[in-house]
Each structure stands twice: as C-alpha cells, then as structure tokens.
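Asks: My questions will all concern the structure given below.
Throughout, read-outs are computed from the coordinates displayed, never taken from laboratory work. Everything numeric here is computed off the predicted structure, so don't read it as measured data. Glycine also receives a Cβ, built like all others from the backbone with ideal geometry; neighbour counts cover every protein chain displayed.
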C-alpha cells in the first residue's frame with residue numbers, strides 16, 4: 001500500500017508514505033482475531049471431569065481421553081472498522097512521520113491538536129492508543145456528555161491544561177472546535193497541528209487498505225469535489241459514503257453530500273440590484289479572492305447583519321450567498337438554542353453551532369432571530385442575569401470565530417434596535433443593511449426566476465407592480481400553490497391563478513385608493529426635499545398603504561430642525577387635504593404613524609427637551625401629563641396644526657411636482673432613489 005498524504009496546512013512537509021502504512025498495520029494488528037482453537041476430531045468429556053449429568057443420560061458418549069486442541073490453519077483476515085481506519089489515516093496526514101513526533105515527546109513539550117469535531121474525540125483517543133502507543137505524553141481531552149461539551153466541562157478542561165503546565169512532562173491537548181485556544185498558549189514554542197480533514201489522498205488510502213482501490217486513481221481524483229469542499233465531510237458522512245460506494249460511484253456520492261444545492265437560490269439570478277444584494281455580492285467576491293490567496297482575511301468584511309420585517313428574503317439571501325460562493329451553509333437561531341432547555345443547554349447548543357461552522361469552513365454561518373437575545377442596556381429587568389449570560393456567551397463565540405479565518409457570519413433579525421449595542425458594533429457585525437418589503441423590481445426578479453418560461457415579460461412586470469406590498473415569502477408560497485392548483489385541476493398555469501393566490505383585486509377597483517396613497521406619500525417626499533431633511537431612498541404603495549424610506553440628515557437638535565420634522569410628519573395629511581378636500585385616517589393608527597411621531601415630537605419640545613413655553617424643565621412620564629393637562633394639550637395641538645399649515649403652503653407652491661410624482665408612483669407602485677431624484681431636484 002502506497003499512500004500520498006497532503007500537507008497539513010499551514011506547514012508543508014516531506015511526503016512519507018511509510019508512516020501511514022505503519023499506522024494502518026498497527027490498526028490491523030489490533031483488529032486481527034486471535035487464533036481459533038478447534039478439536040481435530042470428535043471429542044467427548046473425560047471421565048475425570050465432574051458433571052452434573054447422570055451416567056444414564058449419556059448412553060451414546062464414549063468415555064475417552066480428550067484430544068488436544070489445535071490452532072486453526074488460517075485465521076480470517078482482520079476487518080478494519082471504517083471510522084477507526086479513517087481516523088488512523090487522518091492522524092498519519094496530521095503528524096506526517098515518526099520523526100515529526102520526536103520533538104513532541106521531549107521534556108516540557110506542549111502540543112495542540114486542534115480542529116477536532118467533538119464526535120471524533122473518542123475515535124482520536126482510541127487511534128492514539130492503537131497507532132501511536134507509548135509516546136510518553138499525557139493526552140488531555142474535555143469530557144463529552146450527550147454529544148456536546150458543557151460550559152462546566154470546558155472550564156474544567158482549561159483548568160486541567162493549566163495544571164499540566166506545572167510539570168515538565170510532555171502533553172498533547174486535544175482541542176475541539178467548541179473551545180477556543182487559550183491566549184497564553186498562542187505563542188512560539190507551542191506546537192500546533194490541525195487535525196487533517198478528509199481528502200482525496202485519505203480516501204484513496206482507505207480504499208487501498210481494504211483492497212477496493214479504483215483502477216484509475218486519476219479519474220477518481222478528478223471526479224471528487226475540490227479539496228476545500230471535500231474537507232467539509234465529517235467522519236460519519238465519509239464512513240457512510242465509503243460503505244455504499246467505491247470508484248466513481250463514491251465520488252458522485254461525495255459530490256452530492258458536499259456540493260451546493262443545485263435548486264437553491266443564487267445571487268446571479270432571482271435578486272434585484274438593491275444595496276443589500278450588492279453588499280452580499282461584494283462579500284462573496286471578496287471571499288473568493290481570499291480563498292484564491294489574492295487578499296488577506298483582514299482585507300474584507302466577513303460579517304453582515306440583515307434586518308427588516310418577516311418574509312422579506314433575509315434567509316434566502318444568506319443561502320444564495322453560500323450557493324454562489326460554493327461553500328457550506330450552517331444555520332442556527334436563538335429560538336432553536338433556547339428550545340434546548342435551561343441556560344446551560346442553550347449555551348451548549350450555541351457553541352455547537354459555531355463549532356460546526358468552524359469545522360465546515362469555508363462556510364456561511366447564518367444566525368436567525370438575533371434580536372431574541374435582547375439587550376443588557378434596556379429598562380426590562382426581568383431575567384436580566386439570564387439575558388446577560390446569553391449575550392456574553394454569544395459575544396465570546398463571535399470573538400472566537402473572528403480569530404480563525406474561513407467563516408462569514410450573516411445575522412438576521414426583525415428589530416435591530418432591540419439588540420445589545422455590543423453585538424451590532426463594528427468588529428462583530430461590520431455591515432448592517434435593512435431588507436425592506438420588496439419593491440416591484442425585487443418581485444419581478446423572483447417572478448422571472450420561477451415563471452420566465454411560462455409568461456411574457458410584460459405580463460410579469462404588470463403582476464410585479466400589482467404585488468407590491470407582499471413579502472417574498474408570500475409570493476414564493478403563492479407560486480408553489482399556483483403550480484399545485486394547475487397540476488390537480490389539469491389546467492395550464494395561468495396568472496389569474498397566481499393573482500387569486502395573492503388575493504389581488506382587479507387594478508381598476510384599487511385605483512382610487514392607491515391614488516390617495518400615492519398623493520399622501522408624494523406629500524412627504526416633496527416636503528422632505530423642500531426642507532432638505534435627508535435622502536429619499538425609496539417609495540412604495542400597495543393595497544395596505546404606502547411607505548417612504550429615507551436617510552435623515554444628522555442635525556443639531558435645535559427647535560427649527562424639530563419643527564421641520566413635524567412639518568414632514570404632517571405633509572401626507574396636508575397633501576390629501578389639498579388634492580381631495582378632505583383627509584383620511586391614513587396619517588394615524590400605530591405608534592409608528594405620522595400623527596404618533598408628530599405628537600411625540602411636539603410633546604417632547606414642551607416637556608423634556610426644554611424648548612417649549614415652559615422653558616428649561618424636564619417632566620417625567622410626559623404622556624401621562626398630556627392626558628391630564630389641558631393647557632399642554634393645547635400647546636401640542638397648536639404646534640401640530642401650525643406644522644400642517646406650513647406643509648400645505650409648501651405643497652401648494654410645488655403642486656405640479658406633487659401631482660407628477662404621485663402619478664408616477666401610482667403607475668410604478670414602487671420607486672427607488674434614482675427615479676425619485678428628478679422631482680427632489682425640482
């Protein structure tokens with residue numbers, strides 16, 4: 001058997017084929033059955049042997065002297081356990097040669113074997129005893145319970161490492177992914193080895209050891225996934241593939257296990273050219289440049305936080321990043337971790353997810369529902385100690401995963417403002433992007449991906465405009481339901497079916513309502529531009545209402561600026577009054593409504609910001625004071641009415657722009673910054 005082992009990155013080594021042969025022979029010897037003993041002829045009990053059987057129960061047995069037992073002429077060949085053989089070959093690829101082990105046995109030597117899946121710890125311990133016995137070193141490993149390392153076990157393991165430094169006896173530390181290397185061991189003099197991952201050479205060595213080597217090794221290598229993808233395999237996956245396949249069939253099985261999902265989303269199609277998609281494409285491109293050795297790990301951003309309403313495609317975007325990059329995609333969520341049980345169980349599952357990402361690197365680690373962790377700085381004191389420990393545990397994992405290259409972390413949440421500031425700061429999540437409800441372009445991209453062979457482009461564009469207001473998740477579900485309906489009814493796929501699934505009413509029925517929404521949102525935009533309040537990024541209207549998203553200018557907090565913001569809040573209502581002669585309830589409703597924002601600002605002027613008629617005073621619970629103080633209510637109302645009159649005056653001056661912008665929004669249903677700029681400049 002001749003094995004050619006790959007270097008254990010980052011340290012290259014000289015190929016030593018005989019080392020793997022020696023280790024495999026030791027494994028074979030340990031698995032070889034002992035010589036079987038059998039009688040050379042028929043035997044009967046000796047008369048001198050005591051027996052509980054009466055003589056009359058043995059009428060046919062002859063009482064003769066027993067013949068000596070003889071060894072079997074040939075013992076059956078040793079059966080090599082799959083996982084143990086893989087472990088032996090990975091150890092051979094890790095340590096390279098017998099000579100490389102000599103410095104590790106010297107007095108005072110400290111050796112780290114890192115990059116270990118917790119499930120491989122028992123196999124490695126057994127492999128070391130079998131293939132590398134009598135090395136003279138002390139082997140340290142953390143205790144494992146129910147397939148995981150608890151926080152207590154990890155702390156005990158780190159204390160044991162420190163105690164091992166009290167003597168000069170050589171020590172070998174088995175460091176799984178779940179535990180970060182202590183800082184005091186990250187220094188020259190400490191030998192560090194990375195447990196060799198599954199590779200083409202290891203697979204060929206395995207097949208040769210069991211006499212199933214492929215006839216054409218070159219063709220077998222070519223058919224295998226690339227080394228970084230093949231390295232994602234864990235021992236159990238490789239063992240299962242090796243059990244059921246060999247040769248090119250094995251290569252195909254491994255490709256199916258490790259390759260990206262061919263039917264999954266990709267950044268190249270199905271996505272519009274929005275800022276968040278552009279950022280995702282840059283991260284993937286930089287990741288590819290890093291893998292090719294063109295840039296360093298510290299030369300690009302490798303953490304991204306996506307926030308926005310449910311169903312806007314955050315998970316799909318993260319999956320598309322993994323598929324387009326051709327790397328592993330590992331998922332976790334705070335809901336899954338919390339479902340594991342009490343605090344210790346949750347932290348264990350959290351560590352397991354991060355460790356899985358490190359093991360499968362290069363990888364995308366997608367963490368959903370990050371806002372569920374809460375914040376240590378909020379007013380809610382319920383379960384404060386629990387929340388603090390969860391956040392501290394998460395910060396520790398984020399710090400640890402940032403040290404080792406190869407994992408891009410993508411987080412997702414609905415409410416970014418509820419997350420602890422230490423989590424969202426640069427260094428933990430470098431890039432932060434809102435993923436809003438999709439506009440017509442984003443919906444059209446999804447429709448084209450799923451329906452481009454079924455319907456003309458013009459029909460899809462019309463449907464995309466009509467579907468503004470629906471989430472990508474609801475559109476994706478509607479497409480699946482429409483295809484199912486067509487199959488079961490035996491009818492051809494029709495856009496009318498999809499409209500029914502999305503509950504879209506005929507466009508003529510919605511036009512009057514949508515026109516009011518368009519006028520309302522155009523009013524906000526025109527006043528914002530006139531008062532130079534910031535950059536308008538997008539506008540949209542749907543049957544459920546309208547929205548204007550902008551990036552406000554950071555001001556000085558003076559009274560004039562706040563009054564300008566109140567004027568902007570009241571502008572939609574003023575636009576309705578100017579065009580229709582009456583206002584709707586569209587400016588009110590939730591805490592995020594126009595009237596809520598305007599009322600809050602006017603109230604804060606009078607009660608907490610020291611800018612009102614009462615002078616530099618601060619009142620606690622201003623909402624309560626507003627309910628009981630009629631004079632305060634009158635002052636707040638006067639400010640809001642003055643702001644509405646000012647907005648009406650601005651809109652009257654720019655009436656033509658208002659109407660043109662509203663008409664365009666009605667036609668397109670959604671507009672981006674470049675489309676809005678002509679009216680803003682006007």
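Asks: Given bins 10 angstrom wide, list per bin the percent of all Cα-Cα distances in segment 383-459, short to long.
Replies: Per 10 Å bin, starting at zero, the Cα-Cα P(r) for segment 383-459 comes out as 14, 32, 22, 18, 12, 3 percent.
Asks: Continuing with this model, one more query. Calculate, in nm to one decimal, what residue 79 and residue 474 gain on full extension: separation in residues at 0.36 nm each, minus their alpha carbon distance. List each step's numbers first, then the result.
Replies: Values: separation 395, 0.36 × 395 = 142.20 nm, distance 5.43 nm.
Full extension of this stretch gives 136.8 nm more.
Asks: Calculate how many DSSP beta bridges within the chain are antiparallel, expressed in % of all such bridges and rounded to the nearest 5. List each step's numbers first, then the result.
Replies: Details: 17 of 50 bridges.
If we restrict to bridges inside the chain, about 35 percent are antiparallel.
Asks: Which angle between 0 and 90 degrees, to the nearest 10, do you get for helix 440-451 versus the longest principal axis of the chain when only C-alpha atoms count?
Replies: Once rounded, one gets 40 degrees.
Asks: While we're here: Find the all-direction average of the projected area of the Cα convex hull for segment 440-504, expressing the result in square nanometres with one decimal place. Walk me through the numbers before you get to the answer.
Replies: Values: hull surface 15.2 nm².
For the Cα atoms of segment 440-504, the hull's average projected area reads 3.8 nm².
Asks: Okay, next question. Ranked by Cβ crowding within 10 angstrom, fewest neighbours first, how are 31, 567, 413 ordered?
Replies: On the way: 31 15, 567 26, 413 23.
Ascending Cβ contact count within 10 Å gives the list 31, 413, 567.
Asks: In what sequence do 553, 583 fall when counting other Cβ within 10 Å, fewest first? Mind showing how you got there, number by number?
Replies: Details: 553 12, 583 18.
Listed from fewest to most nearby Cβ atoms, that is 553, 583.
Asks: Pairing the Cα long axis of helix 275-291 with the longest principal axis of the chain, what angle in degrees results, from 0 to 90 and rounded to the nearest 10?
Replies: 30
Asks: How large is the Rg to Rh ratio of segment 200-258 when both quantities use alpha carbon positions and Rh follows Kirkwood?
Replies: Numbers: Rg = 10.1 Å, Rh = 11.2 Å.
Dividing the radius of gyration by the Kirkwood radius yields 0.91.
Asks: Calculate I(q)/I(0) for segment 206-332 by the Debye formula, one identical point scatterer on each C-alpha and no solvent, and give its log10 at q = 0.10, 0.19, 0.21 Å⁻¹ to two decimals.
Replies: -0.44, -1.07, -1.20
Asks: So what is the relative contact order for segment 204-357, in percent, with contacts set as C-alpha pairs under 8 Å and at least six apart? Don't skip to the answer; put the middle values down first.
Replies: Working: 117 pairs, mean separation 31.4, N = 154.
Reported relative contact order: 20 percent.
Asks: Taking all pairs of distinct Cα atoms, average 1/r, flip it, and tell me the Kirkwood hydrodynamic radius of segment 509-681 in Å to one decimal place. Mind showing how you got there, number by number?
Replies: Values: mean 1/r = 0.0603 Å⁻¹.
Result for segment 509-681 stands at 16.6 Å.
Asks: Once the Cα atoms of helix 655-668 and of the chain are each reduced to a long axis, what angle between those two axes, in degrees from 0 to 90 to the nearest 10, is obtained?
Replies: Once rounded, the angle reads 30 degrees.
Asks: A further question on this structure: Compute the distance from the alpha-carbon center of segment 93-128 to that of segment 619-638, in whole Å.
Replies: 72
Asks: Given Cα positions, please report Rg to Rh for segment 84-155, the hydrodynamic radius being the Kirkwood one. The partial results should precede the final answer.
Replies: On the way: Rg = 13.2 Å, Rh = 13.5 Å.
Reported Rg/Rh, Kirkwood definition of Rh: 0.98.
Asks: Evaluate the relative contact order of segment 404-480 (contact order divided by residue number), counting alpha-carbon pairs under 8 angstrom at least 6 apart; express in whole percent.
Replies: On the way: 34 pairs, mean separation 24.5, N = 77.
Relative contact order for segment 404-480 comes out at 32 percent.
Asks: Using only helices, what value at 222 nm comes out for the chain when you add -39,500 (n - 2.57) per DSSP H run of length 4 or more and divide by the total residues, to the nearest 500 deg cm²/dmol?
Replies: Numbers: 28 runs with 338 residues, N = 682.
Helix-only estimate at 222 nm: -15500 deg cm²/dmol.
Asks: Note down the relative contact order for segment 131-199 as a percent, whole number, built from C-alpha pairs under 8 angstrom at least six residues apart.
Replies: Working: 42 pairs, mean separation 23.5, N = 69.
Answer for segment 131-199 is 34 percent.
Asks: For 578, 640, what ranking results if the residue with the fewest other Cβ atoms within 10 Å of its Cβ goes first?
Replies: Details: 578 18, 640 21.
By the 10 Å Cβ count, ascending: 578, 640.
Asks: Treating segment 275-434 as a set of equal point scatterers at the Cα positions, no solvent, please give the Debye-formula log₁₀ I(q)/I(0) at q = 0.09, 0.13, 0.16, 0.18 Å⁻¹.
Replies: For segment 275-434, the Cα-only Debye profile gives -0.27, -0.57, -0.87, -1.11.
Asks: Taking 0.36 nm per intervening residue step and subtracting the Cα-Cα distance, what contour gain separates residue 168 from residue 289 on full extension?
Replies: Values: separation 121, 0.36 × 121 = 43.56 nm, distance 4.40 nm.
Full-extension gain reported as 39.2 nm.
Asks: Specify the inter-centroid distance of segment 160-236 and segment 469-489, based on alpha-carbon positions, in whole Å.
Replies: Taking the Cα centre of segment 469-489 as reference, the centre of segment 160-236 is 46 Å away.
Asks: Follow-up question, since we're still on this one. Hey, how many Å between the Cα centroid of segment 507-583 and the Cα centroid of segment 333-411?
Replies: Each part reduced to its Cα centre gives a spacing of 39 Å.
Asks: Still on this structure, I have one more. Please state, as a whole number in µm²/s, the translational diffusion coefficient that the Stokes-Einstein equation yields for the chain at 4 °C and 1.567 mPa s, with Rh defined as the Kirkwood radius across alpha carbon pairs. Please list the in-between numbers first.
Replies: Working: Rh = 30.9 Å.
In µm²/s, the coefficient rounds to 42.
Asks: While we're looking at this one, here's another question. Cα-based Rg of segment 87-241 per 2.2 N^0.38 Å, rounded to two decimals? Could the numbers behind the result be given before it?
Replies: Details: Rg = 17.0 Å, N = 155, 2.2 N^0.38 = 15.0 Å.
Compactness ratio reported: 1.14.
Asks: Continuing with the same structure: Of all DSSP beta bridges in segment 275-434, what percent run antiparallel (nearest 5)? Could you put the intermediate results ahead of the total?
Replies: Values: 0 of 20 bridges.
Just about 0 percent of them are antiparallel.
Asks: Convex hull over the alpha-carbon atoms of segment 467-572: what's its volume per residue in Å³?
Replies: Numbers: hull volume 10.7 nm³, N = 106.
Convex hull volume per residue, Cα atoms: 101 Å³.
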